[in-house]
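I have placed the structure first, in the form of structure tokens, so that the comments after it can refer back to it.
The values are calculated or read from the model by the stated rules, or taken from the named source; none is laboratory data. For clarity, every value in this text was computed on a predicted model and none was experimentally measured. FYI the Cβ positions are ideal-geometry reconstructions off the backbone, even for glycines, and counts take in every protein chain you see. Protein only, heavy atoms only, side chains kept; ligands, DNA and RNA dropped before computing areas. Shrake-Rupley method; radii C 1.70, N 1.55, O 1.52, S 1.80 Å.
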Amino acid sequence: MNNAGVSGPMAISQERWSWVKSLAANRAVILIFRLILAGFFILSACGKLVDVERYSVDAVYNFGVLPMLLARPFGLVMPFIELLCGLGLLFGVLTRLSALGIGLMSIAFFIAKAIVLSQGRSIECGCFGAIIDTLAAVTIFMDLPMLAFAAVIFFAPDSSRHFAAIGKLLSPALKEKLRWIW
């Protein structure tokens, strides 16, 4: 029996997750995670915004995962969502919402790449648009760490998420109203 009076599998489970809680409470780690994800997603968005049709819409068509009716709107909107989520994490504005957006995009990208690779196709993922050509077989390995970083940011306490951020400038009343997304 441990100090909290919990024994058996529950004690092991609590000990196993204690490092995640301490990681999420570390302001420097959360700042580093925010900056890494912000850099990736801002770079990705800028590479696609050079020519949205060529680098975003065509990339979505090449995957062949979405129905044609949805592929074009998704390709047009995606670089702007990436940019907004990246800027949100960079400046510490709507960090929880930005982390959620990046997490959901990472899951979607991983699933799309897994489908393409399971079909035996080798395609460029279009992740960074005009900046660099990347294969889906290579970038699929970035999606899960980005999801993990986003999850840690999402569940981090306010004091960690808003360290070195514009979010610190909000009034306490407004912070309370926006607590689920800020």
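Values for this structure:
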{"item": "Number of positions in region 93-113 that are on the phi > 0 side of the Ramachandran plot and among the small types (Gly, Ala, Ser)", "result": "0"}
{"item": "Residue in region 149-176 that is farthest from residue 98 (Cα to Cα), counting only those that are out of contact with any Lys or Arg (no Cβ under 7 Å at 6 or more places or on another chain) and of a type in the set (Val, Ile, Thr)", "result": "166"}
{"item": "Residue list for region 79-115, restricted to those being among the polar types (S, T, N, Q) and closer than 20 Å to residue 49 by Cα", "result": "98, 106"}
{"item": "Residue check for residue 70: closer than 26 Å to residue 131 by Cα and under 22 Å from the mean Cα position of the chain (by Cα)", "result": "yes"}
{"item": "Segments classed as helices (runs of 4 or more DSSP H), wholly inside region 125-182, with at least 3 members that are hydrophobic (A, V, I, L, M, F, W, C)", "result": "136-155"}
{"item": "Flag if residue 24 is under 19 Å from the mean Cα position of the chain (by Cα) and surrounded by fewer than 13 Cβ atoms within 10 Å (Cβ to Cβ)", "result": "no"}
{"item": "Top-ranked residue in region 27-64 [being β-branched (Val, Ile, Thr) and open to solvent by 60 Å² or more (accessible area, probe 1.4 Å); ranked as farthest from residue 132 (Cα to Cα)]", "result": "32"}
{"item": "Candidates 75, 88, 64, 101, filtered to the one that is in contact with a Phe, Trp or Tyr (Cβ under 8 Å, 6 or more places away or on another chain) and without any contact (Cβ under 8 Å) to a residue 60 or more places away in the chain", "result": "75"}
{"item": "Extreme residue, farthest from residue 163 (Cα to Cα), among residues of region 71-103 that are in a helix (DSSP H, G or I), of a type in the set (Val, Ile, Thr) and open to solvent by 40 Å² or more (accessible area, probe 1.4 Å)", "result": "77"}
